[in-house]
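What follows is a set of notes on a single structure, which appears directly below.
Each reported figure results from applying straightforward, stated rules to the coordinates on display, with no laboratory input. Everything quoted here is computed from the prediction, not taken from an experiment. Heads up, the Cβs are rebuilt from the backbone with ideal geometry, glycines too, and the neighbour counts pull from every protein chain shown.
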C-alpha cells in the first residue's frame, strides 16, 4: 500500500483492523506497541510471529523490515541487520494520539516521566543510554540499601554512579520543559476556546545538586531501604490557571490538555528534526465536543504544509465531516484496506 | 519415540553446562563420544583430569598457574613497581597477548555487584592491600571494565587504596584502534572526549 503525503482517514466499523494500521506504523518507529502490550500479544492468533515492513520516504528513502517471533527477531534497515538501536531510532518518527493519553493528565507521575523520556530519547542520542544505565545503578543501590548493614564505602561508590547518570537526566529534562511548555500552551489555546492558561512545570525531586542532596538524604534512604530522590521520582506538573489539572480540571479540559501535550511533542520534534513526525490519531475525535474538534482539526491539517502525514481512525458515525478538504479516505473491513476516494 | 539412553542424556546435560555449548551441540558431542574409540575417550578424560589437577590459582596474583607462585609473579625481569588489577584470571592472558604491560598482576575475582550479592569482602582486595604493604609499589593500574559495576568497583578501590600512599590510575576509555569516529557510540565518544590527552609538539 502506498500512502501519499497528507491526511489519511481510515474508516470502518469497530474491530475491523483500523488501529492495526496505526499500530504497525508506530511499531516501525519505536519497535513497541502504543497500546502498551508486549510483542507476543501483537501476533495474529494461531501464527508464530509477525512481520512489518515499509519504505519510508523523507529526505532520503529507507526500507525497514521487522520480523518478530518467540524464537527470533530480525530488524533490518536497508537490507542490513541493525546492530545498535541508536542507529535505528530516528529513521521514522511518529506521535500517537489515543484515548490512553488521558492518563498523562490523570495518571501516576510514572506516565509523565515516560512522556519526557520518550521525547528526549527521540531527540538526544545519549539520553536512552543514560536512562538505561541509571536504571541499572538504581537497582544496585536499592539492593545495597536492603542489606542488613550496607558497606558505606560501597554505597558511596554506587551513589556516585547514580549521580553521574542521574544528573544528566535531570539536566536534559530541565532544559526540555521550558521549550515544550509554550508549544503546549499554544496548542491548548487553539483547541479550546476557553481562556485558561496552561502551565507546565518540571518537578524534580532534586533541586540543584544531586550529589549533595543524595548525601543529605542518606539517613532517610537507609531508613526506607530505598533511593527516595532522583529522576526516577520526578514529576511534571500540569496546571490550568494555577490549579492542578488532575484535581480541578473538567473531563473536557483534561482531554484537551492531553491532546495539547501530544501536539507539543509533534511540534517540538518538527523543530529539532526539521520536518514533522507522522501523526497517528486513534479514536480521539468521538470524545471531543464540536468546539474542540474544530479547534484541533486545523492543527492536524497543518501537517500538509510541510509534506507531513496524518493517519486518523474513525467509525462511519463520528468521522469529522467538517474535515472536508484534501484528504484520502480508506475503507477498512475485515482486515482489508480499500482506497475509497481522494478529495482535494 | 526413541529417546537418548539415560547415560548419554546425562553426558549431554553435563556438556550443556559448559560455556558456548547449547543443547544441540551438547547432544552431538555426547553421541560422538559414546561412539568414539576407547583411546580417544581415555585421552580426553586424562587431559581434563590432569589439567584440573595441575592448574590452580596463583597465591600471589590469583592468575591460572601450574606452579606457586606463577611464572609471571616469579619473573624478576618484570617490573616490580607496578601492579595491574583485573577482574578475572583470563584478563591476564588478554593483556599479556597485547604485550602492553610488563609489570605485576592482581586478580580481583569479580566486581562489586549488590544485585548478585557480591560485596568487597568477596573479592581479593585484602590480599591486594597486603601485597602492597609487604612490597610497596609506585602505581596501581585499575583495568576493570567500563560498565556500571566496573566504574563503581574502580572508584571503591581507588578510595580504599588511597590510604596506602600509592599512585592509582585507571586504563583509558575511548576509540577502538584503527576505527573512525562514525563507528563509536555516543557514550564512548563522550568518554573519549573527557579523557583526551595533549599531543607533544617539538
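Semi-axes of the equivalent ellipsoid for region B:114-202, computed as √(5λ) from the eigenvalues of its C-alpha gyration tensor and ordered from largest down, come to 29, 20, 9 Å.
Within the listed set A:28, A:176, A:261, the Gaussian network model of chain A (springs between alpha-carbon atoms below 10 Å) gives the highest mean-square fluctuation for A:176. With a Förster radius of 51 Å applied to the C-beta separation of residue B:37 and residue B:163, the computed FRET efficiency comes to 0.25.
Axis of helix A:290-301 versus longest Cα principal axis of chain A: the two differ by about 90°, to the nearest ten degrees.
Ranking of A:134, A:224 by neighbouring Cβ atoms within 10 Å, starting from the fewest: A:224, A:134. With the alpha-carbon atoms of region A:152-192 aligned to their principal axes, the span from lowest to highest coordinate is 55, 14, 8 Å, starting with the largest. Put simply, the Cα atoms of chain B extend 73, 46, 40 Å along their principal axes, the longest span coming first.
Calculate the mean, over all residues of peptide A:140-148, of how many other protein chain Cβ atoms lie within 10 angstrom of the residue's Cβ.
That average works out to 3.
Between the helical axis of A:127-145 and the longest alpha-carbon principal axis of chain A there is an angle of about 40 degrees.
First measure r as the distance between the Cβ atoms of residue A:208 and residue B:116, then evaluate 1/(1 + (r/R0)^6) with R0 = 25 Å and state the FRET efficiency to the nearest 0.05. Approximately 0.15, to the nearest 0.05. Over all orientations, the protein assembly as shown has a Cα convex hull whose mean projected area works out to 36.5 square nanometres. Eigenvalues of the alpha-carbon gyration tensor of region A:195-250, scaled by 5 and square-rooted, set the equivalent ellipsoid semi-axes at 31, 12, 7 angstrom, largest first. Residue exposure proxy: A:1, A:200, ordered by other Cβ atoms within 10 angstrom of their Cβ from fewest to most, comes out as A:1, A:200.
Here the label points at residue B:182 and residue A:41, each 7 Å from Cα along the C-beta direction, are separated by 4.1 nm in the simple model. When both region A:118-178 and region A:207-228 are represented by their alpha-carbon centers, they are found 13 Å apart. Of the residues B:155, B:105, B:183, the one that moves most in a GNM of chain B with alpha-carbon contacts below 10 Å is B:183. Pairing the Cα long axis of helix A:18-30 with the longest principal axis of chain A, what angle in degrees results, from 0 to 90 and rounded to the nearest 10? It works out to around 40 degrees. Taking the alpha-carbon centroid of each part, what is the distance from region A:63-103 to region A:256-300 in angstrom? If we compute the Cα centre of each part, the gap is 22 Å. Quarter the surface of the alpha carbon convex hull of region A:93-201 and you get the mean projected area, 8.9 square nanometres. For the peptides A:211-223, A:115-127, A:38-50, residues were scored by their other Cβ atoms within 10 Å and the scores averaged per peptide; the highest-first order is A:115-127, A:211-223, A:38-50.
Suppose R0 equals 45 Å. What FRET efficiency, 1/(1 + (r/R0)^6) with r the Cβ-Cβ distance, do residue B:8 and residue A:100 give to the nearest 0.05? In this case the efficiency is close to 0.25. A simple spin-label model places pseudo-atoms 7 Å from Cα toward Cβ; at residue B:196 and residue B:99 they are separated by 3.3 nm.
Every Cα-Cα pair of region A:41-143 was included, and the share exceeding 16 Å stands at 72 percent. Using the Kirkwood radius over Cα pairs, work out the Stokes-Einstein diffusion coefficient for region B:6-54 at 37 °C and 0.692 mPa s, in µm²/s as a whole number. Reported coefficient: 287 µm²/s. Look at the stretch B:155-167: the mean tally of other chain Cβ atoms within 10 Å of its residues' Cβ atoms is 2. Each helix, a run of at least 4 DSSP H residues, gives -39500 (n - 2.57); summed and divided by the residues of chain A, these come to -13500 deg cm²/dmol at 222 nm.
Subtract the Cα-Cα distance of residue A:146 and residue A:1 from 0.36 nm times their separation in residues, and report this length gain in nm to one decimal.
Full-extension gain reported as 46.7 nm.
Per-residue shielding of A:159-169, expressed as the average number of other chain Cβ atoms within 10 Å of the residue Cβ, stands at 2.
Could you list B:32, B:106 so that the one with the fewest beta carbons within 10 Å of its beta carbon is first and the one with the most is last? With the fewest neighbours first, B:32, B:106 line up as B:32, B:106.
Rg and Dmax of region A:145-220, both derived from C-alpha coordinates alone, stand at 18.8, 59 Å.
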